[in-house]
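The values are calculated or read from the model by the stated rules, or taken from the named source; none is laboratory data. Everything numeric here is computed off the predicted structure, so don't read it as measured data. FYI the Cβ positions are ideal-geometry reconstructions off the backbone, even for glycines, and counts take in every protein chain you see. The protein model used for the area step is the full one, side chains on, heavy atoms only, and it has no ligands, DNA or RNA in it. Shrake-Rupley method; radii C 1.70, N 1.55, O 1.52, S 1.80 Å.
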Amino acid sequence: MKQEPITIGQNTPFPLKGTLTLPDDLSAPVPAVVLVHGSGSSNMDEKVGKLTPFKDIAEGLAARGVACIRYDKRSFAHGLKMLRDKNTVITVWEEAIEDALLAAALLRGDQRIDPKRVFLAGHSMGGMLAPRIECCGGDFAGLILLAGSPRRLEEILLEQTREALDNMRGLGRWITQKQLAKLEQTFAGLYDLPDEEAKTKKVGGGTTLYYFKDMGHPPVSFWLSKTAKPMLVMQGEKDVQVKASVDYQLYQELLGDRENVTFRLYPGLGHTFVPAIATSVADAKKEFAKERHIGNEVLDDLAGWIRAQF
């Protein structure tokens, strides 16, 4: 395995540090994967607590003959600069889509990479965005949806808040009830709200209502319907953030009749495809407190599916 430092968007206002991981055998051009983060600010390893899922995937794929590119998320590397930019209202284009397209272009310009076998793998919100990134000019050989969802982001956020509330008592429950009521009021009528008004209403931090409106209209199901590319849908059965019984099932309903879509459900695994610890959203932080790594079954499936496309 070889690891090389790279920069995504070298000549843009938001250059991002990254790593290109390559197999040892480069006697012929190899397939490659662009990794796209979930929600929130993450470094190139998508590090959360003691877990590093993107590092696990990149190194695991390289050991199986597939190159991988991962990079710091723009909101991680340039969050303050993005918030201070008065001329831009942040959407998923600025947060994720543009940089994924730049990463794909970088791979296709590398003679060690087969330009016809560049894939996109999105985790969580990255999985939700994957078909949209493809439709924005990605031209990927296939899409890998890791613990994604075809639902709207605010729907998932409200569901997670309600579930957390069910497991709380005392002052924490009272505070969360207030937060939930405010969120429900904030998202009511979101898609009827004029864009300019949505851009002025803050949900939290630098996130505006327009961010959610842009993310959800058109919805993920629309973008899924606009691409016929091969897809691999992967889900941990014990995931408490994105549910196998809801989100994975919805993917099966939307995509189950397509011959080029493959589904993989992993018993006992959580949101980051390591053995699950948390049993509810309320104790989700437990997932990240103990070091674990993505196992061979998941990595073999990833590499095997990529090779099977050609």
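For the pair the range 24-83 and the range 128-154, the centres of their Cα atoms are 16 angstrom apart.
Coupling constants for the range 157-172 follow from the phi torsions by the Karplus curve (6.51 cos²θ - 1.76 cosθ + 1.60, θ = phi - 60°), and in residue order they are 4, 5, 4, 5, 5, 5, 5, 4, 4, 4, 9, 10, 9, x, 4, x Hz; glycine and proline get x. Build a GNM of the chain with springs between Cα atoms under 10 Å apart, and of 80, 106, 143 the one that fluctuates most is 80.
Classify the range 105-214 as rounded, prolate or oblate from the Cα gyration tensor: take a ≥ b ≥ c as the square roots of its eigenvalues, call it rounded if a/c is under 1.5, otherwise prolate when a/b beats b/c and oblate if not. Taking the square roots of the gyration eigenvalues as a ≥ b ≥ c, the range 105-214 is prolate.
Classify the range 205-310 as rounded, prolate or oblate from the Cα gyration tensor: take a ≥ b ≥ c as the square roots of its eigenvalues, call it rounded if a/c is under 1.5, otherwise prolate when a/b beats b/c and oblate if not. Oblate, since a/c reaches 1.5 and b/c is not below a/b. Here the range 234-252 is scanned for amide nitrogen atoms under 16 Å from the site 7 Å beyond the Cα of residue 301 along Cα-to-Cβ, giving 234-240, 242-252. Return the subset of 178/286; 47/199; 116/226 for which the Cα-Cα distance in this structure is over 28 Å, preserving the input order. With Cα atoms farther than 28 Å apart: 47/199.
Using R0 = 22 Å, the C-beta based FRET efficiency linking residue 86 and residue 193 works out to 0.55.
When the chain is treated as a GNM with alpha-carbon contacts under 10 Å, the residue of 243, 17, 86 showing the greatest mean-square fluctuation is 86. Looking only at 228, 278, 96, which one moves most when the chain is put into a Gaussian network model with springs between Cα atoms under 10 Å? Of 228, 278, 96, the most mobile in the Gaussian network model is 228.
Average accessible surface for the range 1-136: 40 Å² per residue, computed with a 1.4 Å probe over protein heavy atoms with every protein chain in place. Atom-type composition of the exposed protein surface of the range 223-310 places 51 percent of the accessible area on carbon and sulfur (1.4 angstrom probe).
Backbone amide hydrogens, once placed in the peptide plane, bring residue 124 within less than 5 Å of 146, 147, 148, excluding anything fewer than 5 places away on its chain. Looking at 274, 249, 179, which one has the Cα that reaches farthest to the positive end of the dipole of the chain (charges on Cβ: Lys, Arg +1; Asp, Glu -1)? Positive-most Cα among the choices belongs to 179.
For the range 41-91, the alpha carbon positions stretch 45, 23, 14 Å along the principal axes, listed from largest to smallest. Please give the charge dipole size of the range 141-283, origin at the Cα centre, charges +1 on K and R Cβ atoms and -1 on D and E Cβ atoms. Round to the nearest 20 debye. It comes to approximately 300 debye. Here the relative contact order of the chain, from alpha carbon pairs under 8 Å that lie six or more residues apart, stands at 18 percent.
Under 14 Å from the Cβ of residue 310, count the other residues' Cβ atoms, weight Lys and Arg +1, Asp and Glu -1, and hand me the total.
Details: positive: 116, 117, 229, 307; negative: 114.
Residues near residue 310 contribute +3 overall.
Think of it as helices only: each DSSP H run of n ≥ 4 in the chain is worth -39500 (n - 2.57), and spread over all residues that comes to -10500 deg cm²/dmol at 222 nm.
Accessible area of the range 15-119 with a 1.4 Å probe: how many percent of it is carbon plus sulfur?
The C+S portion of the solvent-accessible surface of the range 15-119 is 53 percent.
Seen from all directions on average, the chain presents a Cα convex hull projection of 15.8 nm². The residues of the range 204-310 present an accessible area of 47 Å² per residue when probed at 1.4 Å with all protein chains retained.
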